[in-house]
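Chemist: Have a look at this one.
Since every read-out is calculated from the coordinates, none of them should be taken as a lab result. Since we're looking at a predicted model, the values are computed, not measured. We place every Cβ from the backbone using ideal geometry, glycine too, and count neighbours over all the protein chains shown.
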Amino acid sequence: MTNELVHLARSLQLDELETAWSKAVGAPAAEHVPNYATTLDLLCEQDMASKALGMAAAMIESLSQKGERAAAMELGIRAMQRSAHNDALVKTVIELIETNYGDRGWLPVLKRRANLDSATVSAILEFDQLRRYTEGYVVYHPAGWGEGTIESFDAEAQEITVHFASGRRSPFPFDTLLDSFRALDNDDLRAMKLREKERLQKEAEDRPSDLIRRAAVLYRGTITSAQLKKELSGSVIEDKKWASWWKRAKTEATKDPWLKVEGTPSRPVFVVRQKPVSLVDEASTSLSHQNNLGERVAVLRDYLARSEDQEVKNQVLDLAERTVEQAIADKKANGGAKHAHILDGILYLEEHGRKASVPAAEELRALLLEDGANLQPTKIDELATQASREHAVELLPQALGGDWAAQCVATLTDWPASIGEKVADKLVATGHGAEILTVWDRVAPYPKRHPLMTYLLGKYYSDGVFDGQERCPDAVSMVRVLLHLCRVLNEDRKRNQFSSRILSRVVSLLTGKRGLLDRACDGISRDDLAQFVGIIQRAGEDFPPELETFLDRTVARLYPDLHAEPERPFWDREFIFTTKDGLRRIKEEYRVLVEEKIPANSKAIGAAAALGDLSENSEWESAMEEQRNLTGRAQEMDQQIRSTKLIEDQEIPDDAVAPGTKVALTEEVSGKQIVYRVLGPWDITDDHTINYLAPMAQGLLGKAVGDDAELPSPSGPIKVRVDAVERIV
């Protein structure tokens, strides 16, 4: 009945409320006073204080006649706090105060301090605050004492003794207590831990979400899972029972209309609402704020994940079903939602055992063939989640028909990295694995362009998928391509997490259980092994050591003389070589970029943003484009500076062209003599200085006096002879 009173007040069913309230007045109960008070609160919030006052007066009188004078007094004070009062209620409450506290020695002290004899509302509310510093109440000292229960009130000395949770008992002057301690409400979690621990434990067992709300009040209505555990574990709930209670409490919280659950399923955040809303109602409201079906499906996924209660999950799925069907109807009527968004919704329903009016395979076909007859694999990335993409791959045979495998193989290198492996695995699982070998000629020359597919070809080769195929490469050729892939991935792995993951998988493929590298080195020729070693030598110092160690041992076992071959020249390493002056130039350019150009661009962005609508703001677009260019250049320059070595610190040969030398050349046809300085990329200050990394210098490096070389030119290579080499650094 008391819960019905609150419901009727909240929904403003006033006639029904009056009837139910009259019935409650006929049989009042002290334990129902909190619900009576909440009912009055709701009326006062709707500017119906006069109605609340009449109802309160009737209930207070009934409680008093039944002998529940303390409950009557509490309800009267609550009505006054909500501005529902008149002179008669003031007089009644003062009489109840005298009746309830007449035998307390502290009553005269509090009456005098509150000026209760003035018979005003403010005096009663002041008295209400002061009485919270008397026996049985809990006070809190924020600066170190913590919580404590008031044990005694010496009215003559006006001294109060507090028994703290720590076990310590200390007396305080009344004024000190008023100034330094805060009185806690009876339903405050900290007070209840001291006075009503058994009630809290029962609440934890029967209504865990109520306990969460009680704890959240201590954190201004928002509490994290870590904070909740700090407040309850050990003090209210036994440590060993926490895990089971926590699992149940999270489920109950999603159904509590007074709690909003945010965060993640493993680390939820609980927010106490101002008004009650169910999880499904909240989800419905959230949907109305989304711009398209894709965003709505994402919201529905989130709400479904937040609940572990099957009833609530079913309600969310019912809402999802209505949302998706409405989008399908709109699409048929006026071309509303995109195919990807509708497919997201259909797949979402199918993931949870629901069916839409349009089959997912039909919508997937419309998505992948949206702009014509040719399959467009990249469209699959328009789906909102990885789960949806993987689900869609399973539907490819139904969506594309009998030639689905041929279509997928023909476009295998075009599928996004997010799903390419799933497509290839689907082909293998359905007996079409051998057909994948047809992409070898497209992939092998360009491992950097197709890292995932290169790895997959190696994996399927190792697993025997291509065995017996006429065009199947041998193990040496396969490993050579995979080693090249390792080299290019190694260069990029620090900047690209995807490259790092693929590199790890390729290394495992070569040296792990599949043992592809061991297989290739069985009977390998000297030239092929030398190629393997050369690839690794060009890969840099931080190349995966497993590969280098394996090949070192293989060389030592089969062709030890390979280790005796001369080392690469210093300029044939992964560093950038420059002079001290060149390094100074690039550092100054980097400083100007970071300290002047980028800050100036940030100001330009702010100024452009101040012009208003960004959708048609050319200044904004221009400034943002410049920001991307500047920051990209800064990252590139930083990486280059970090990988720089000084030419002055290297062992520069005296008899061969190298960075740090001057070379005199004679053109073979014209007899023209040319002199060049060969230095680093930031040393180019005139037409007679060339960058050792440029094509012009590449044909000269390592050449000695008398050697012939070729220089590139727009009209074709120019043959030259090296006449002299002089070290200049």
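Chemist: Taking K and R as +1 and D and E as -1, what net charge do the other residues with C-beta under 14 Å from the C-beta of residue 38 add up to?
Modeler: -2
Chemist: Next question, about the same structure. Which value at 222 nm does the chain reach when only helices count, each DSSP H run of 4 or more adding -39,500 (n - 2.57), with the total divided by all residues and rounded to the nearest 500 deg cm²/dmol? Write down the numbers at each step before the final one.
Modeler: On the way: 34 runs with 389 residues, N = 729.
Using -39500 (n - 2.57) per qualifying helix, the result is -16500 deg cm²/dmol.
Chemist: Relative to the longest principal axis of the C-alpha atoms of the chain, give the angle of the C-alpha long axis of helix 545-558, reported between 0 and 90° and rounded to the nearest 10°.
Modeler: With both axes taken from Cα atoms, the answer is about 30 degrees.
Chemist: If you don't mind, there's one more thing I want to ask. Order by neighbour count: 141, 32, 563, fewest other Cβ atoms within 10 Å first, most last. Could you put the intermediate results ahead of the total?
Modeler: On the way: 141 16, 32 19, 563 10.
Final ranking by Cβ density, sparse to dense: 563, 141, 32.
Chemist: Let me ask something else. So if I take the centroid of the Cα atoms in the stretch 652-705 and the same for the stretch 342-367, what is the distance between those two points in Å?
Modeler: If we compute the Cα centre of each part, the gap is 65 Å.
Chemist: Rounded to the nearest Å, what's the spacing between the alpha carbon centres of the stretch 479-548 and the stretch 225-253? Just the number, please.
Modeler: The stretch 479-548 and the stretch 225-253 have Cα centres spaced 50 Å from each other.
Chemist: Can you give the charge dipole size of the stretch 93-154 about its Cα centre, rounded to the nearest 20 debye, using +1 on the beta carbon of Lys and Arg and -1 on the beta carbon of Asp and Glu?
Modeler: 160 debye
Chemist: If you don't mind, another one. Can you tell me the 0 to 90 degree angle between the C-alpha axis of helix 526-537 and the longest principal axis of the chain, rounded to 10?
Modeler: Once rounded, the angle reads 50 degrees.
Chemist: Continuing with this model, one more query. Only Cα pairs under 8 Å and at least 6 apart count here; give the relative contact order of the stretch 163-290 as a rounded whole percent. Display every interim value, and only then the final one.
Modeler: On the way: 116 pairs, mean separation 25.6, N = 128.
Relative contact order of the stretch 163-290: 20 percent.
Chemist: Something else now. For the chain, build the charge dipole from Cβ charges (+1 Lys, Arg; -1 Asp, Glu) around the Cα centre, then report which of 97, 506, 489 sits farthest towards its positive end.
Modeler: Sorting the options by dipole projection puts first 97.
Chemist: Quick check: net charge around residue 186, other residues with Cβ under 10 Å of its Cβ, Lys/Arg +1 and Asp/Glu -1?
Modeler: Result for the neighbourhood of residue 186: -3.
Chemist: I've got another one for you. Averaging sequence separations of C-alpha pairs under 8 Å and six or more residues apart, then dividing by the length of the chain, give the relative contact order as a whole percent.
Modeler: 4 percent
Chemist: Same structure, new question: Suppose a student asked you for the relative contact order of the stretch 2-101, using Cα pairs under 8 Å spaced at least 6 residues apart; what percent would you report?
Modeler: Rounded, it is 26 percent for the stretch 2-101.
Chemist: Using +1 on the beta carbon of Lys and Arg, -1 on that of Asp and Glu, and nothing else charged, what's the dipole of the chain about the Cα centre, debye to 20?
Modeler: Approximately 1180 debye in magnitude.
Chemist: Residue by residue, what Karplus-based ³J(HN,Hα) values in Hz, rounded to whole numbers, does the stretch 635-642 have, using 6.51, -1.76 and 1.60 with θ = phi - 60° and x for Gly and Pro?
Modeler: 5, 5, 5, 4, 4, 5, 4, 5
Chemist: Work out the length of the dipole vector of the stretch 290-409 about its Cα centre, built from +1 on the beta-carbon of each Lys and Arg and -1 on the beta-carbon of each Asp and Glu, and round it to the nearest 20 debye.
Modeler: Dipole size: approximately 200 debye.
Chemist: How would you rank 87, 185, going from fewest to most other Cβ atoms within 10 Å of each one's own Cβ?
Modeler: 87, 185
Chemist: Going by how many other Cβ atoms sit within 10 Å of their own, how do 538, 306 line up, fewest first?
Modeler: Placing the least packed residue first, the sequence is 538, 306.
Chemist: Along the charge dipole of the stretch 196-277, which of 268, 226, 200 sits closest to the positive end, that is, farthest toward it, with unit charges on the beta carbon of Lys, Arg, Asp and Glu (+1, +1, -1, -1)?
Modeler: In the stretch 196-277, that residue is 268.
Chemist: Just one of [x] 1.11; [y] 1.16; [z] 1.02 is Rg/Rh (Cα atoms, Kirkwood Rh) as worked out from the coordinates here. Which one is it?
Modeler: Matching the structure shown: [y].
Chemist: Let me ask something else. Among 34, 440, 5, pick out the residue whose Cα is farthest towards the positive end of the charge dipole of the chain, where Lys and Arg carry +1 and Asp and Glu carry -1 on C-beta, about the Cα centre.
Modeler: Positive-most Cα among the choices belongs to 34.
Chemist: Still on this structure: If I fit a long axis through the Cα atoms of helix 197-206 and take the longest principal axis of the Cα atoms of the chain, what angle between them do I get, 0 to 90°, rounded to 10?
Modeler: So the inclination is approximately 60 degrees.
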